[in-house]
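Single-structure report; data block below.
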Amino acid sequence: MGSIFQPDFKGNWTPTNNQWIPTAEASDWALIGIGAYVDVKFSRWLQFEGEARFSRFNQYQNIHQDNYLVGPRIPIHRYGRFTPYAKALVGITSMDMGPNPNDAGPDPTGRFLTIAYGGGVDMKLTKRFTLRPVDVEYQQVPSWFGSSVSPYGASVGIGYKIF
């Protein structure tokens, strides 16, 4: 899949107690990434999705994010070849926050609990191939340096049915 995300951090830092803390703020630079998703269907209503996204392109000041998320996926209704769905995922976001004003050392990084809500549409192309023309996601990273960030974005992709 390919995706575009608003990372909710644009490299601003706030001095606090002789230390610089990253500040959540909408970025002017959307991160572009690639990734993969896996859907596991146990029954019509019991499905799970796992996704890994690497938002590494169009970086501003080396700021990038990688997501590793898993959770339930609920198909809403079938309309011919189209199946809209909703999902709620949880996992880890790995972030590189760009240059640190504290020192000239390596860029600060971190791993944070992430909760994501979203949905989209799958379009069956053949017996094995599915087009995902739109998948939108709103993420919450609740424990981000005493604050929180809320990245959001959209993805498109192609699925291949193995079993």
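The values are calculated or read from the model by the stated rules, or taken from the named source; none is laboratory data. Note that the coordinates shown come from a computational prediction; the quantities given were computed from them, not determined experimentally. Neighbour counts run over all protein chains shown; Cβ positions are idealised from the backbone, glycine included.
Checking F9 against (1) among the aromatic types (F, W, Y); (2) more than 19 Å from S155 (Cα to Cα); (3) outside any loop (DSSP other than H, G, I, E, B), which test does it fail?
(3)
Tell me, please, whether a residue that is farther than 30 Å from W13 by Cβ, in a strand (DSSP E or B) and at pLDDT 95 or above can be found in region 142-154. I'd like the intermediate steps shown before the answer.
Applying the first criterion (farther than 30 Å from W13 by Cβ) to region 142-154 yields none.
The answer is no; no qualifying residue exists.
Of the conditions (1) modelled with pLDDT of 95 or more; (2) aliphatic (A, V, I, L, M); (3) closer than 30 Å to P15 by Cβ, A88 clears all except one; give me its number.
It is condition (3) that A88 fails.
Among the residues of region 44-61, which ones are assigned to a strand (DSSP E or B) and touching a Phe, Trp or Tyr at 6+ places or on another chain (Cβ under 9 Å)? Spell out how you get there, then give the answer.
Residues of region 44-61 that are assigned to a strand (DSSP E or B), as a first pass: 47-57.
Scanning region 44-61 gives Q47, F48, E49, G50, E51, A52, R53, S55.
Does F145 satisfy the criteria of being hydrophobic (A, V, I, L, M, F, W, C), surrounded by 15 or more Cβ atoms within 10 Å (Cβ to Cβ) and over 18 Å from the mean Cα position of the chain (by Cα)? Walk me through it before giving the result.
Values: hydrophobic (A, V, I, L, M, F, W, C): yes; surrounded by 15 or more Cβ atoms within 10 Å (Cβ to Cβ): yes; over 18 Å from the mean Cα position of the chain (by Cα): yes.
Here the answer is yes, as F145 does meet what is asked.
So which residues in region 64-85 are more than 15 Å from Q139 (Cβ to Cβ) and in contact with a strand residue (DSSP E or B) (Cβ under 8 Å, 6 or more places away or on another chain), if there are any at all?
P72, R73, I74, P75, I76, H77, R81, F82, T83, P84, Y85
Cβ-Cβ distance below 8 Å, separation of 6 or more or different chains: which pairs start in region 35-48 with a residue that is more than 17 Å from R78 (Cβ to Cβ) and end on one that is of a type in the set (K, R) and assigned to a strand (DSSP E or B)?
Close Cβ pairs satisfying both conditions: G35/R53; Y37/R132; F48/R73.
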